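What follows is one structure encoded as structure tokens, with my remarks underneath.
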Amino acid sequence: MKTSIALIGFMGVGKTVVGKALARQLDKEFVELDALIERKAGKTIPAIFREDGETAFRELEIEITGEVSRKKNAVIACGGGVVLNQINIDRLRQENLVVCLTASPEIIIKRTSSRAGARPLLDVADKALKVAKLLKFREPFYRRAADITINTSNQSIGRVVAEIISQVEKHEDFH
Ligand code: S3P
């Protein structure tokens, strides 16, 4: 029986805000992979990318995903690139119901513009082009990893949370 939910999806789809609200509603622990990576590294994600490179970040992400994916009764917000390594998908799917949040490119660009520099992959001159390219490349990874997919474009946090709950309840192996 699975008791945890892993939220995956592109940057800016709302994994953190939805995850916190979902955890509160289901009375589960909220866990954010990126925060644990920052704690383990002793520096922020932009600093990890800048000083150690993306590969070092992905290695830390694999390590932390391995630890967190076994948690019971949790809602885990994953970083947008977690699906790029198959080992993460395997580990997440083994113990968690995997819910993928999506949003339109326009909404992603809007939502990721507030904290400039917080997302090193989008710290580029032509952000729209970068988002389009990454989305195209990653779309099959998200699709393969997800048990459930929910579009968050133009939906309130409450609506998204209610939709997730109604969908997960249909899964017999989730409690
Ligand atoms: C990344 C997404 C970020 C963070 C890192 C890399 C990605 O997390 O893990 O900047 O590759 O999509 P969010 O999806 O929470 O922004």
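The values are calculated or read from the model by the stated rules, or taken from the named source; none is laboratory data. Note that the structure is predicted; figures quoted are calculated from it, not measured. Here Cβ is always computed from backbone atoms with ideal geometry, including for glycine, and neighbour counts include all displayed protein chains. Calculation scope for accessible area: heavy atoms of the full protein, side chains included, ligands and nucleic acids excluded. Shrake-Rupley method; radii C 1.70, N 1.55, O 1.52, S 1.80 Å.
May I ask you to say which residue of K170, K130 is within 16 Å of the ligand (Cβ to nearest atom) and of a type in the set (K, R)?
Exactly one residue qualifies, and that residue is K130.
Any idea which residue in region 109-123 is nearest to the ligand (Cβ to nearest atom), counting only those that are assigned to a loop (DSSP other than H, G, I, E, B) and surrounded by fewer than 16 Cβ atoms within 10 Å (Cβ to Cβ)?
As a first pass, look at region 109-123 and keep what is assigned to a loop (DSSP other than H, G, I, E, B): 112-119, 123.
Filter again for surrounded by fewer than 16 Cβ atoms within 10 Å (Cβ to Cβ), leaving 113-118, 123.
Details: S113: 12, S114: 12, R115: 9, A116: 13, G117: 11, A118: 8, D123: 9 Å.
Only one residue fits best here, namely A118.
Can you work out which of the residues in region 1-26 that are away from the ligand (no atom under 11 Å from the Cβ) and assigned to a helix (DSSP H, G or I) is most open to solvent (accessible area, probe 1.4 Å)?
If we take residues in region 1-26 being away from the ligand (no atom under 11 Å from the Cβ) and assigned to a helix (DSSP H, G or I), then R24 is most open to solvent (accessible area, probe 1.4 Å).
Yes or no, residue by residue, for (1) part of a helix (DSSP H, G or I); (2) in contact with a Gly (Cβ under 7 Å, 6 or more places away or on another chain):
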site	(1), (2)
D34	yes, yes
I37	yes, no
K43	no, no
A47	yes, no
R50	yes, no
E63	yes, no
V75	no, yes
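Quick one: in region 27-51, which of the residues that are within 25 Å of R159 (Cβ to Cβ) and either within 13 Å of the ligand (Cβ to nearest atom) or open to solvent by 50 Å² or more (accessible area, probe 1.4 Å) (or both) is farthest from the chain's Cα centre (by Cα)?
D27
Determine which single condition Q94 fails, assuming it passes every other condition in (1) within 13 Å of the ligand (Cβ to nearest atom); (2) without any contact (Cβ under 8 Å) to a residue 40 or more places away in the chain.
Against the list (1) within 13 Å of the ligand (Cβ to nearest atom); (2) without any contact (Cβ under 8 Å) to a residue 40 or more places away in the chain, Q94 comes up short only on (1).
Which pairs turn up if I take residues in region 69-84 that are in contact (Cβ under 8 Å) with a residue 24 or more places away in the chain and on the phi < 0 side of the Ramachandran plot and look for partners that are within 7 Å of the ligand (Cβ to nearest atom) and in a loop (DSSP other than H, G, I, E, B) with beta carbon separation below 6 Å, at least 6 apart in sequence or on another chain?
Going by the 6 Å Cβ cut-off, the qualifying pairs are G80/F10; G80/M11.
Taking the condition out of contact with any strand residue (DSSP E or B) (no Cβ under 6 Å at 6 or more places or on another chain), surrounded by 13 or more Cβ atoms within 10 Å (Cβ to Cβ) and of a type in the set (A, V, I, L, M), does L97 pass?
no
Restricted to region 137-156, and to residues that are of a type in the set (G, A, S) and over 13 Å from the mean Cα position of the chain (by Cα), which residue is most open to solvent (accessible area, probe 1.4 Å)?
S156
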